Amino acid sequence: MSNRDRIYLSSPHMGGLEQQYIAEAFETNWIAPLGKNVDAFETEMASYLGCGGAVALSSGTAAIHLSLILLSVEKDDIVFCSSLTFVASANPILYQGAVPVFIDSEPDSWNMSPEALERAFKTYVGKGKKPKAVVIVNLYGQSADYDRLRKICDYYEVPIVEDAAESLGATYGKQMSGTLGKFGILSFNGNKIITTSGGGMLISDDVEALSKARHYATQARDKAIYYQHSTIGFNYRLSNILAGVGRGQLKVLEDRISQKKDIFGLYHKMLSEIDGIYFMPETGLSKSTRWLTAMQIDSTKVGIEAHELVRYLEEFNIESRPVWKPLHLQPLFNEASYFAHEVGRDISQELFLNGICLPSDTNMTSENQEFVIQLIKNAFSH
Ligand SMILES: *Cc1c(COP(=O)(O)O)cnc(C)c1O
């Protein structure tokens, strides 16, 4: 242990303007989950992403839930979902009583494998059980390979929900991450590249669907002077105070992206020469924000397992994490079917066992980052 402050994976990093927007909400007494900050946050985000519109919500999970409802996902429907992700990508499938089927990663991007997706479609369409939606996750700041994935989904005419919770600010070709599916979802949870302490957003070009989402997110109240309800609704709107934090954060998003890339750049410069280290590759049309710097290590070459390295850094009060434990290996989903990248080769499990996310906090000084790098080198040398 040391007296040094803890070094975090990714902690909230305010820009300075957030309090001004919150103060405005107080001055005008728009404290409720509606008001100028909510509207402006939606418009500003839609214009940043270049999409038809956006709905500010209480979480990214709520955004995934509403997108499944808008796609009429119901009890016993099949939904395909990336396996290598946070559980929030798939929990809303269970909220609807639907059945998740998990799809492996490809080694090139760590994101959804087109080969595995194709096999899943053939199998399920062959059984007469075409999925209602495909939830594709963009890991650690990097877009999945939508040219290939979209071709398959378009062929089977199944819509994509793009889970861009970790990839706000990334691009795929000329498009912003979050705008590549029928619906995109963002998260502003505390560890994301920008945060409202908690919050999320639903993105789409379909403004009619978005207006339905607003309706569902506010308890689905009918147009009447009294309280009348014809369908099930939710309390999913973002508060006007938190939307103020979001507006301030959006102003510094580009700075955060360039800081994240610099953090990756330093790790890459100091560690990539070591035999047995493989940083998450950036492929094809994809430009990553490097929200988290992630790498795979080959323990037979560096002499330490990825999960041991996490524990070792923790001894120095440094937060790192194993790569997500794939959802098909979670007790919660032990009934679910799974399609591996190749028969007999489970890529997401390999990434979980050998992968580590390094401290990628934009509040971290470069001296602290150099200290982390030195410790990693020390851990390797024994
Ligand atoms: C953070 C995250 C979410 C969920 O976002 P919340 O705002 O915490 O509900 C969903 N998917 C992925 C991949 C995430 O990393």
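Just one of the numbered conditions (1) within 9 Å of the ligand (Cβ to nearest atom); (2) farther than 27 Å from Ala116 by Cα; (3) touching a strand residue (DSSP E or B) at 6+ places or on another chain (Cβ under 9 Å) is not true of Gly190: (3).
In the range 48-62, is there at least one residue being farther than 26 Å from Cys81 by Cα, at pLDDT 95 or above and more than 16 Å from the ligand (Cβ to nearest atom)? Yes - at least one qualifying residue is present in the range 48-62. Against the condition outside the structural domain of His65 (by TED's automatic domain parsing) and within 16 Å of the ligand (Cβ to nearest atom), how does Ser272 come out, does it pass? Criteria not met by Ser272. When you scan the range 347-357, do you find a residue that is surrounded by 21 or more Cβ atoms within 10 Å (Cβ to Cβ), farther than 16 Å from Leu139 by Cα and in contact (Cβ under 8 Å) with a residue 24 or more places away in the chain, even just one? There is no residue in the range 347-357 that is surrounded by 21 or more Cβ atoms within 10 Å (Cβ to Cβ), farther than 16 Å from Leu139 by Cα and in contact (Cβ under 8 Å) with a residue 24 or more places away in the chain.
Of all residues in the range 180-193, those that are under 16 Å from Cys357 (Cβ atoms) have Cβ atoms under 8 Å from Cβ atoms of residues that are basic (Lys, Arg) and modelled with pLDDT of 95 or more, 6 or more apart or on another chain, in Ile193/Arg256; Ile193/Lys260.
Counted as qualifying within the range 63-165 are the helices (runs of 4 or more DSSP H) with 2 or more residues that are small (Gly, Ala, Ser), modelled with pLDDT of 95 or more and away from the ligand (no atom under 16 Å from the Cβ), namely 114-126. Reported count of residues in the range 12-28, each being closer than 21 Å to Ser58 by Cβ and assigned to a loop (DSSP other than H, G, I, E, B), is 2. Summed over the range 37-51, the residues that are in contact with a Ser or Thr (Cβ under 7 Å, 6 or more places away or on another chain) and surrounded by fewer than 20 Cβ atoms within 10 Å (Cβ to Cβ) give a count of 1. Exactly one residue out of Pro12, Pro33 is within 24 Å of Ala164 (Cα to Cα), of a type outside the set (A, V, I, L, M, F, W, C) and in contact with a Lys or Arg (Cβ under 6 Å, 6 or more places away or on another chain): that is Pro33. Exactly one residue out of Ala40, Ala32 is assigned by TED's automatic domain parsing to the domain that holds Tyr140 and not in a loop (DSSP other than H, G, I, E, B): that is Ala40.
Count of the range 24-40 residues, restricted to those that are modelled with pLDDT of 90 or more, out of contact with any Leu (no Cβ under 7 Å at 6 or more places or on another chain) and not basic (Lys, Arg), is 3. Residue pairs whose Cβ atoms lie under 7 Å apart, sitting 6 or more positions apart in sequence or on different chains, and linking a residue in the range 69-85 that is more than 27 Å from Gly141 (Cα to Cα) to a partner that is among the charged types (D, E, K, R) and crowded, with 24+ Cβ neighbours inside 10 Å, do not occur here.
All of Leu292, Leu313, Leu266 fail the test of being in contact with a strand residue (DSSP E or B) (Cβ under 7 Å, 6 or more places away or on another chain) and either in contact (Cβ under 8 Å) with a residue 60 or more places away in the chain or outside the structural domain of Thr179 (by TED's automatic domain parsing) (or both), apart from Leu292. Considering only the range 200-213, I want to know if a residue exists there that is without any contact (Cβ under 8 Å) to a residue 40 or more places away in the chain, more than 12 Å from the ligand (Cβ to nearest atom) and among the charged types (D, E, K, R). Yes, the range 200-213 contains at least one residue that is without any contact (Cβ under 8 Å) to a residue 40 or more places away in the chain, more than 12 Å from the ligand (Cβ to nearest atom) and among the charged types (D, E, K, R).
When the helices (runs of 4 or more DSSP H) confined to the range 196-311 are screened for residues that are surrounded by fewer than 22 Cβ atoms within 10 Å (Cβ to Cβ), of a type in the set (A, V, I, L, M) and out of contact with any Phe, Trp or Tyr (no Cβ under 8 Å at 6 or more places or on another chain), those reaching at least 2 such residues are found at 253-271. Can you find a residue that is crowded, with 21+ Cβ neighbours inside 10 Å, in contact (Cβ under 8 Å) with a residue 60 or more places away in the chain, away from the ligand (no atom under 16 Å from the Cβ) and over 30 Å from Gln330 (Cβ atoms) anywhere in the range 22-31? Yes: the range 22-31 contains one or more residues that are crowded, with 21+ Cβ neighbours inside 10 Å, in contact (Cβ under 8 Å) with a residue 60 or more places away in the chain, away from the ligand (no atom under 16 Å from the Cβ) and over 30 Å from Gln330 (Cβ atoms).
The values are calculated or read from the model by the stated rules, or taken from the named source; none is laboratory data. Please read these numbers as outputs of a predicted model, since none were measured by experiment. Positions of Cβ are generated from backbone atoms using ideal geometry, with glycine treated the same way; all protein chains shown enter the neighbour counts.
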